[in-house]
Amino acid sequence: MSSDLVMDTCLLAGSIILKNGGETYRTEETMALIAKAAGMDDVNSSATPTSIILSFRCSGFDHTRMVRTPKRTTNLNKITLVNDVSRQFVGGKINLEQAYRTLREIDQKKQIYPKWLQHLAAATASGSFAMLAGGDWGSLVPSAIAGLIVNLSQEYLEQFVRMKFFTEFSAALLGGLFALLTVTVFPQLHLSIIIIGAMLPLFPGIAITNSLRDLMAGDLVAGVSRGVEAMLTAVSVAVATAIILSFTR
Amino acid sequence: MLLKGLALSFASSVAWCVLFNVPVRTIVAAGLAGVVGFLVYSILPIYGAEVLLSTFVSAAVVSLLSQLLSIILRVPSTNFSVAGIIPLVPGSLAYKAMLAFVNNDYVGGITQATKTLMVAGAIASGLIFGISVLTIWKGARYAGKRAQRD
């Protein structure tokens, strides 16, 4: 078995997991499992939220490579698929070439839900969360539209701004402005309920959960850096909300 | 009233799943995790539990449930836990904190912000509790197997 293909397969699996919002301990484990199942000795893998290093020994030679993953999105479907491939390979159901080909296909895959459905989902999440926070039926539609605006502006601003935290800040600001406008036009609605619902699509859920799981797995560097990521997002959303609220005084 | 909350928590969890591209076959199970979390979160205060306790217990239940579902459906448990904690997010507390800060009521703002942080910590520790219970159980099982082999 050629060591180059093993290295390529492991790094591809690891970078797919890391790029799409997986935990670093899952990245490390998957790479180490594939390399060990391919018959490599002395496997060591290390991942931080932005880079992967893998090293192993194959017939007397050491091989080490590193890849960076600067851009990260969230696509849990790809993580599930990579998980399946690594299980099948470790279980001996497919060989290394098949695994590598499947991983290449997974890497090229588009998101399973179309864009409009995702925006609709953001609207649904915002509307129903606003009602869970104590809103009445009248506030359902405005908070859904505000959530839609937040999600849309987050997606479009990201292409121009390319700075994650400023994108979130501006998206929160736009959603808040819409909430303010709605309350000005219809004074019987509650501003608080609409804003609470509108900010839900920006909630750093995946960063928080991953940071906790990394910390639990003993991966302190990755856990703390993800925790800081979540906190920065929360703070930028909070400041945007505060700016919106200062207009109502 | 409770029924409405259950339907809403299901809707928000499923919508959150779509936002994160959760695989189609697990989407109903993830919504179920959200519903169970919300059910525990809204039933416990009837028996006199504080908000911190009920948040902690419901986050732990969500986390345990996602671990079990991940074993049954053979997918990573993040698929379920991310959507399941959505109904527990302390949105209104964070909003109240911001409102107090803007109105120059810094003491009240810090009180509300501390409450928000405590609830967030309760969610975090509940999730950790759920993960560690299953890890301990797995470790105990493997230890038992090792003892049998030796």
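The values are calculated or read from the model by the stated rules, or taken from the named source; none is laboratory data. The structure presented is a predicted model; accordingly, all values stated were derived computationally and were not measured. In this analysis, Cβ positions are derived from the backbone assuming ideal geometry, glycine residues included, and neighbour counts consider all displayed protein chains.
Where in the stretch A:152-216 are the helices (runs of 4 or more DSSP H), entirely inside, with at least 2 residues that are facing chain B (nearest Cβ under 10 Å)?
Details: elements: A:164-185, A:191-198, A:205-216.
Counting at least 2 such residues, we get A:191-198, A:205-216.
Contact list please: Cβ distance under 6 Å, first residue in the stretch A:226-244 and in a helix (DSSP H, G or I), second residue of a type in the set (Ser, Thr, Tyr), pairs at least six apart or on different chains.
A:Arg226/A:Ser211; A:Gly227/A:Ser211
Within the stretch A:125-151, count every residue that is facing chain B (nearest Cβ under 8 Å) and not in a helix (DSSP H, G or I).
2
Suppose the filter is free of Cβ contacts under 8 Å to residues at least 24 places away in the same chain, out of contact with any His (no Cβ under 7 Å at 6 or more places or on another chain), among the aliphatic types (A, V, I, L, M) and more than 7 Å from every other protein chain (Cβ to nearest Cβ); does A:Leu220 pass it?
Judged against the criteria, A:Leu220 is a match.
From A:Thr50, A:Thr9, A:Thr24, grab the single residue that is more than 18 Å from A:Asp219 (Cβ to Cβ), of a type in the set (Val, Ile, Thr) and out of contact with any Cys (no Cβ under 9 Å at 6 or more places or on another chain).
A:Thr9
Could you please tell me which pairs satisfy a Cβ distance under 9 Å, a separation of 6+ or placement on different chains, a first residue in the stretch A:12-25 that is over 11 Å from A:Thr69 (Cβ atoms) and surrounded by fewer than 24 Cβ atoms within 10 Å (Cβ to Cβ), and a second residue that is modelled with pLDDT of 90 or more and among the small types (Gly, Ala, Ser)?
Every condition considered, the pairs that remain are A:Tyr25/A:Ala47.
Counting only residues that are more than 17 Å from B:Ala60 (Cα to Cα) and either surrounded by fewer than 14 Cβ atoms within 10 Å (Cβ to Cβ) or among the hydrophobic types (A, V, I, L, M, F, W, C) (or both), how many does the stretch B:112-137 have?
Residues of the stretch B:112-137 that are more than 17 Å from B:Ala60 (Cα to Cα), as a first pass: B:112-117.
When the remaining residues are screened for being either surrounded by fewer than 14 Cβ atoms within 10 Å (Cβ to Cβ) or among the hydrophobic types (A, V, I, L, M, F, W, C) (or both), the result is B:113-114, B:117.
Residues in the stretch B:112-137 being more than 17 Å from B:Ala60 (Cα to Cα) and either surrounded by fewer than 14 Cβ atoms within 10 Å (Cβ to Cβ) or among the hydrophobic types (A, V, I, L, M, F, W, C) (or both): 3 in total.
Considering each residue of the stretch A:74-119, count those that are more than 19 Å from B:Phe80 (Cα to Cα) and facing chain B (nearest Cβ under 8 Å), and give that number.
So in the stretch A:74-119, the residues more than 19 Å from B:Phe80 (Cα to Cα) come out as A:85-110, A:114-117, A:119.
Within this subset, residues satisfying the condition of being facing chain B (nearest Cβ under 8 Å) are A:87, A:117.
Selection size over the stretch A:74-119: 2.
Could you say which residue among A:Asp214, A:Asp219 is of a type in the set (D, E, K, R) and touching a strand residue (DSSP E or B) at 6+ places or on another chain (Cβ under 9 Å)? If you could, list the steps in order and put the result at the bottom.
On the way: A:Asp214 fails: touching a strand residue (DSSP E or B) at 6+ places or on another chain (Cβ under 9 Å).
Only one candidate passes the filter, namely A:Asp219.
Scan A:Arg249, A:Arg226 and give me the residue that is facing chain B (nearest Cβ under 9 Å), farther than 23 Å from A:Gln118 by Cα and basic (Lys, Arg).
Working: A:Arg226 fails: facing chain B (nearest Cβ under 9 Å).
Of the residues listed, the single one that is facing chain B (nearest Cβ under 9 Å), farther than 23 Å from A:Gln118 by Cα and basic (Lys, Arg) is A:Arg249.
Quick check on this structure: which one of A:Ala122, A:Ala99 is part of a helix (DSSP H, G or I) and assigned by TED's automatic domain parsing to the domain that holds A:Arg26?
Details: A:Ala122 fails: assigned by TED's automatic domain parsing to the domain that holds A:Arg26.
Selected residue: A:Ala99, the only one of A:Ala122, A:Ala99 that is part of a helix (DSSP H, G or I) and assigned by TED's automatic domain parsing to the domain that holds A:Arg26.
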